[in-house]
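Below: one structure, written as structure tokens.
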Amino acid sequence: DTGVSQDPRHKITKRGQNVTFRCDPISEHNRLYWYRQTLGQGPEFLTYFQNEAQLEKSRLLSDRFSAERPKGSFSTLEIQRTEQGDSAMYLCASSFPAGDLYGYTFGSGTRLTVV
Amino acid sequence: LAKTTQPISMDSYEGQEVNITCSHNNIATNDYITWYQQFPSQGPRFIIQGYKTKVTNEVASLFIPADRKSSTLSLPRVSLSDTAVYYCLVGDEGTGRRALTFGSGTRLQVQP
């Protein structure tokens with residue numbers, strides 16, 4: 001296992017199009033997180049899963065955003081009807097169950113540019 | 001959620017020790033203090049975590065006073081490759097009731 005993988009690394013899309021990103025966490029981790037980061041800012045929390053259950057969603061996650069983790073392994077984040085304000089780095093992270101204190105392991109992110 | 005305050009930026013030279021202090025006046029009893037490092041175009045990387053007193057690993061040391069209202073990340077003898085953004089986070093990882101919240105971080109620039 002080589003860590004958290006995100007695909008694609010870069011995505012350029014036209015405004016109004018739908019995009020989907022994939023995250024493959026570390027296999028032993030049952031928690032998976034999505035964050036969004038814009039230039040010069042820290043990552044902003046979007047949502048997280050424990051196994052296949054989506055336990056928390058940020059107010060940032062508008063109805064155009066949906067995340068799934070159907071089998072408790074990989075996850076997808078879909079953005080419908082993209083807007084220029086959606087341009088950002090989308091980061092995925094995974095961690096051990098609650099009680100483990102070794103932090104989150106982040107992927108390298110998917111950079112989305114909406115033109 | 002406990003809010004954290006840390007300097008926006010710091011400058012240092014190679015070989016110096018760098019101390020970055022984070023304030024978290026509203027830290028809760030169950031909260032741990034965690035530091036992450038982030039290079040451009042990469043996700044943040046876990047550096048160190050602690051609850052009280054001092055924690056040391058191969059990368060850094062974390063000093064936490066008895067009142068836990070602040071913490072200091074210490075990087076010994078920095079090199080150019082330590083140029084990055086450093087985030088201080090306070091969270092309830094002991095029970096994992098919520099995800100961690102990042103602030104804007106401290107941008108460390110190491111000069112030759």
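Laid out as a table, the results:
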read-out: Failed criterion for B:Asn19 (all others in (1) under 15 Å from the mean Cα position of the chain (by Cα); (2) at pLDDT 95 or above; (3) crowded, with 16+ Cβ neighbours inside 10 Å hold); value: (3)
read-out: Considering residues of region A:1-28 that are at pLDDT 95 or above and of a type in the set (A, V, I, L, M, F, W, C) only, the residue surrounded by the most Cβ atoms within 10 Å (Cβ to Cβ); value: A:Cys23
read-out: In region A:29-85, residue modelled with the lowest pLDDT [restricted to those that are in a loop (DSSP other than H, G, I, E, B) and among the β-branched types (Val, Ile, Thr)]; value: A:Thr38
read-out: Residue list for region B:65-81, filter: in a loop (DSSP other than H, G, I, E, B) and not polar (S, T, N, Q); value: B:Pro65, B:Ala66, B:Asp67, B:Arg68, B:Lys69, B:Pro76, B:Arg77, B:Val78
read-out: Residues of region B:6-16 satisfying the condition of being within 14 Å of B:Gly105 (Cα to Cα) and surrounded by 13 or more Cβ atoms within 10 Å (Cβ to Cβ); value: B:Gln6, B:Pro7, B:Met10
read-out: Scope region B:85-109; condition surrounded by fewer than 23 Cβ atoms within 10 Å (Cβ to Cβ), closer than 17 Å to B:Ile47 by Cβ and modelled with pLDDT of 90 or more; matching residues; value: B:Val85, B:Thr106, B:Arg107, B:Leu108
read-out: Matching residues, region A:18-42, being under 11 Å from the mean Cα position of the chain (by Cα) and of a type outside the set (Val, Ile, Thr); value: A:Phe21, A:Arg22, A:Cys23, A:Asp24, A:Pro25, A:Leu32, A:Tyr33, A:Trp34, A:Tyr35, A:Arg36, A:Gln37
read-out: Residue satisfying all of: in region A:43-57; closer than 28 Å to B:Trp35 by Cβ and among the aliphatic types (A, V, I, L, M); surrounded by the fewest Cβ atoms within 10 Å (Cβ to Cβ) among these; value: A:Leu55
read-out: Residue in region A:102-113 that is more than 12 Å from chain B (Cβ to nearest Cβ) and more than 24 Å from B:Ile33 (Cβ to Cβ) present; value: yes
read-out: Yes/no for A:Glu44 being free of Cβ contacts under 8 Å to residues at least 12 places away in the same chain, within 27 Å of B:Ile47 (Cβ to Cβ) and not polar (S, T, N, Q); value: no
read-out: Test: residue in region A:26-34 that is closer than 18 Å to A:Gln84 by Cα and within 10 Å of chain B (Cβ to nearest Cβ); value: no
read-out: Options A:Gly72, A:Gly40; residue that is surrounded by fewer than 18 Cβ atoms within 10 Å (Cβ to Cβ), among the small types (Gly, Ala, Ser) and more than 13 Å from every other protein chain (Cβ to nearest Cβ); value: A:Gly72
read-out: Qualifying positions in region B:22-65 - of a type in the set (Asp, Glu) and surrounded by 13 or more Cβ atoms within 10 Å (Cβ to Cβ); value: B:Asp31
read-out: Residue check for A:Phe21: in contact (Cβ under 8 Å) with a residue 24 or more places away in the chain and within 14 Å of another protein chain (Cβ to nearest Cβ); value: yes
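The values are calculated or read from the model by the stated rules, or taken from the named source; none is laboratory data. In this text the structure is predicted, and so the values were computed from the model without any measurement. Here Cβ is always computed from backbone atoms with ideal geometry, including for glycine, and neighbour counts include all displayed protein chains.
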